[in-house]
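Trainee: Quick one: structure below, then a few questions.
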Amino acid sequence: MGVSLEQKKRMVQEVAEVANEAHSALAAEYRGLSAGEMDNLRVQAREAGVYVRVVKNTLAKRAVEGTEFECMTDDFQGPLLLAFSQEDPGSAARVLKDFSKEHEQLVVKMLAVGGEKYPGSEIDRLATLPTYDEAISRLMATMRAPVQKLATTLNEVPSKLVRTVSAVKDAK
């Protein structure tokens, strides 16, 4: 049983809405994965805030039209699944990279971030990007370091005075 025109329109609209709000997108070939393995991938993706959808290439081209992921449309060939990072730019890359370690049939073909398309081999660079919380903690640590050094330096002046007075007292 085929997909009706209305279902196709809803699918394109749904993917387009997700693509408009996504930070990054990955396209991966899933040939050879069983339905159960695909369900496991979807569960892992949902837990990580990643939208995964298998869409026909013609519908995927329409869905990403007008978004920053339009650069990917030329290479939509073969059976592809699309993964959109909704939480942070690296979340979809981390999910697909971890899943492909156990399932060699899943091959990332390309990824897009900020309107730029990259080959699938760049997945490691995207997957190692910090999450939002990690980025905030790094920023706070960087901002805190100068203040902490200033406080330590200012605290050292009276401490040194006390040690000097104590040394003079011990000498007399």
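The values are calculated or read from the model by the stated rules, or taken from the named source; none is laboratory data. As the structure is a prediction and not an experimental result, all values here were calculated from the model. Please note: Cβ atoms are built from the backbone with ideal geometry, for glycine as well, and neighbour counts cover all protein chains shown.
Trainee: Against the conditions (1) of a type in the set (Val, Ile, Thr); (2) modelled with pLDDT of 90 or more; (3) surrounded by fewer than 11 Cβ atoms within 10 Å (Cβ to Cβ), where does VAL157 fall short? Just the number, please.
Mentor: Here VAL157 clears every test but (2).
Trainee: Another one. Being touching a Cys at 6+ places or on another chain (Cβ under 7 Å) and farther than 26 Å from ASP133 by Cβ narrows it down to one residue among LYS117, LYS8; which is it? I'd like the intermediate steps shown before the answer.
Mentor: Details: LYS8 fails: touching a Cys at 6+ places or on another chain (Cβ under 7 Å).
Checking each option against the conditions leaves just LYS117.
Trainee: Still on this structure, I have one more. Please specify each residue of region 17-66 satisfying the condition of being under 15 Å from the mean Cα position of the chain (by Cα) and either of a type in the set (Lys, Arg) or part of a helix (DSSP H, G or I) (or both).
Mentor: Listed by number, the residues that qualify are VAL18, ALA19, GLU21, GLN44, ALA45, ARG46, GLU47.
Trainee: Next question. Please go through region 67-109 and give me each residue that is assigned to a helix (DSSP H, G or I) and more than 22 Å from ASN20 (Cα to Cα), ordered by number. Outline the logic, then answer.
Mentor: From region 67-109, those assigned to a helix (DSSP H, G or I) are 70-75, 91-102; that's our starting set.
Selection gives LYS97, ASP98, PHE99, SER100, LYS101, GLU102.
One line per residue, one yes/no per condition, for (1) loosely packed, with under 13 Cβ neighbours inside 10 Å; (2) modelled with pLDDT of 90 or more; (3) assigned by TED's automatic domain parsing to the domain that holds GLY120:
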site	(1), (2), (3)
GLU21	yes, no, yes
GLU29	no, yes, yes
ASN40	no, yes, yes
TYR51	no, yes, yes
VAL55	no, no, yes
GLY66	yes, no, yes
CYS71	no, no, yes
PHE76	no, no, yes
